[in-house]
Amino acid sequence: MFLKLFAESLGMKKHSISAFFPVYNDAGTVELMAAKLDKILNEYAKDYEIIIVDDASPDSSGRIADELAKKNKKIKVIHHKNNLGYGGALKTGFYSCKKDLIFYTDGDAQFDVYELPKLIPFIDEYDVVNGYKIKRADKFYRKIMGNLYNLIMHILFNLKVKDVDCDFRLMHRYIFDNVKLESNSGLICTEMMKKIQDTGYTIKNIPVNHYPRVYGHSQFFRPKRILSVLIGLINQWYELVLVKRLKGLLKW
């Protein structure tokens, strides 16, 4: 009750918010994520919806999400018939949102949605409020790979966002009237932030906590997956950077 009154006193309940998260083998965290989102949005949003995107998860994630939706009219579940990948799940989420603002994060609960109020005060001044991990709560090799990945992204794409790999973002829905996403892989974050930046939208970076996984394991660190990402990265750099530079030279 105190948080709700505090939010209202600061005028923070003037926005409607669509919040979504994708699930794939996240049966152990779906209910926790939905419950936390419902609580925090009820305190800070004028109106809200919660969207769970089931990317053809082979476990019981989709069934659990459906049960939650039966109990709470604020929750909507979208099921993919086939697995479309992380990027495909995010695209479904972004283009299904109906409210003024969009908040999204991952379904594995490594970010705490109770930290959403850290982002809200800046959304009237910026188009995107982007979280960045204070300290990555992963095994040492993932920390090294994560830091290296972010460094490469900044060099190749000249990104201004502090942590492109931090999926804890609050943004205005109108962005997606002008930004069209294509990637179906985890590279969608680079594509999205590069296109948002190049379109001229403003970005604010805010520190958030990152926590160890409480359920499941990452699908990323497999040789075939890493090779696919590297190939996709080259193609993405060609399309988003090189082609644009060549077009600029031709116009000049």
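The values are calculated or read from the model by the stated rules, or taken from the named source; none is laboratory data. This structure is a prediction, so every number in the text was calculated from the model and none was measured. Ideal geometry is used to build each Cβ from the backbone, glycine not excepted, and the neighbour counts take in all protein chains shown.
Remarks
- On inspection, ILE78 passes the criterion of being at pLDDT 95 or above, surrounded by fewer than 19 Cβ atoms within 10 Å (Cβ to Cβ), part of a strand (DSSP E or B) and among the β-branched types (Val, Ile, Thr).
- Criterion: charged (D, E, K, R), part of a helix (DSSP H, G or I), under 23 Å from LEU233 (Cβ atoms) and touching a residue at least 40 places away in the same chain (Cβ under 8 Å) - qualifying residue of LYS162, LYS91: LYS91
- Verdict on ASP38 being in a helix (DSSP H, G or I), surrounded by fewer than 17 Cβ atoms within 10 Å (Cβ to Cβ), modelled with pLDDT of 95 or more and in contact with a strand residue (DSSP E or B) (Cβ under 9 Å, 6 or more places away or on another chain): no
- From PHE176, PHE122, PHE111, residue being of a type in the set (Phe, Trp, Tyr), in contact (Cβ under 8 Å) with a residue 24 or more places away in the chain and surrounded by 18 or more Cβ atoms within 10 Å (Cβ to Cβ): PHE111
- Hits in the stretch 53-78 (condition: more than 24 Å from LYS99 (Cβ to Cβ) and acidic (Asp, Glu)): ASP59
- Condition check for THR199: of a type in the set (S, T, N, Q), farther than 28 Å from ASN42 by Cα and surrounded by fewer than 15 Cβ atoms within 10 Å (Cβ to Cβ): yes
- Residue in the stretch 203-224 that is assigned to a helix (DSSP H, G or I) and modelled with pLDDT under 95 present: yes
Rundown of residues vs (1) over 13 Å from the mean Cα position of the chain (by Cα); (2) farther than 14 Å from ARG169 by Cβ, yes/no style:
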position: LYS98; (1), (2): yes, yes
position: THR105; (1), (2): no, no
position: ALA109; (1), (2): no, yes
position: PRO121; (1), (2): yes, yes
position: ASP124; (1), (2): yes, yes
position: ASP127; (1), (2): yes, no
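- Applying the set (1) part of a loop (DSSP other than H, G, I, E, B); (2) free of Cβ contacts under 8 Å to residues at least 12 places away in the same chain; (3) not hydrophobic (A, V, I, L, M, F, W, C) to SER185 leaves exactly one unmet item: (2).
- Matching residues, the stretch 121-136, being among the aromatic types (Phe, Trp, Tyr) and in a helix (DSSP H, G or I): PHE122
- Residue match in the stretch 157-179 (condition: modelled with pLDDT under 90 and touching a Gly at 6+ places or on another chain (Cβ under 8 Å)): yes
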